[in-house]
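All remarks here apply to the structure that follows.
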């Protein structure tokens, strides 16, 4: 059985998230998704709009996802090994970054392949949040 893994915040769930799950599921028998806990999101200097418990339930309810688990730290390699994943899926916005070039070496040593999917253009939780804030500010003026 080929197990795939991907992880993210998945705040303000959108088409980019769905595309990632759909594409990933097409390349593995079981797709496990790590959902970043609120404490780790805060550590990264951000705040999720949707609380962790709701975000993980949204992800868990997606038909392409076989299991959703909390992601407590940034160590995706340890999580892949723990879950028995042989593939790590990630958006291509990370492709050829120093961080992911190093990950590729570390993952390859463990026999885990990293597959990059095209980033869905013009949509992100950050962009959605910014549009929402701008929309709300129009009413405050």
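Read-outs throughout are calculated quantities, based only on the coordinates presented, and are distinct from any laboratory measurement. What you see is a predicted model, and the numbers here were worked out from it, not measured in a lab. Here Cβ is always computed from backbone atoms with ideal geometry, including for glycine, and neighbour counts include all displayed protein chains.
Taking label positions 7 Å along the Cα-Cβ direction at both residue 67 and residue 93, the computed distance is 2.8 nm, reported to one decimal. Placing a label point 7 Å from the Cα of residue 1 along the Cα-to-Cβ line, the residues of the stretch 73-102 whose backbone N sits under 15 Å from it are 82-87. With neighbours defined as other Cβ atoms within 10 Å of a residue's Cβ, the residues 103, 10 order from fewest to most as 103, 10.
Take the Cβ-Cβ distance between residue 138 and residue 39 as r, set R0 to 30 Å, and report the resulting FRET efficiency rounded to the nearest 0.05. Kindly include the intermediate steps, with their values, before the conclusion.
Working: r = 33 Å, r/R0 = 1.10.
Working from the Cβ atoms, E equals 0.35.
Kirkwood radius and radius of gyration were both taken over the C-alpha atoms of the stretch 57-105, and their ratio Rg/Rh is 1.00. Going from the fewest other Cβ atoms within 10 Å to the most, the residues 22, 2 appear in the order 2, 22. Suppose the Debye formula is applied to equal point scatterers at every Cα of the stretch 1-72; what is log10 I(q)/I(0) at q = 0.15 Å⁻¹? Values returned for q = 0.15 Å⁻¹ are -0.45. Sorted ascending by nearby beta carbons within 10 Å, beginning with the fewest, 94, 100 become 94, 100.
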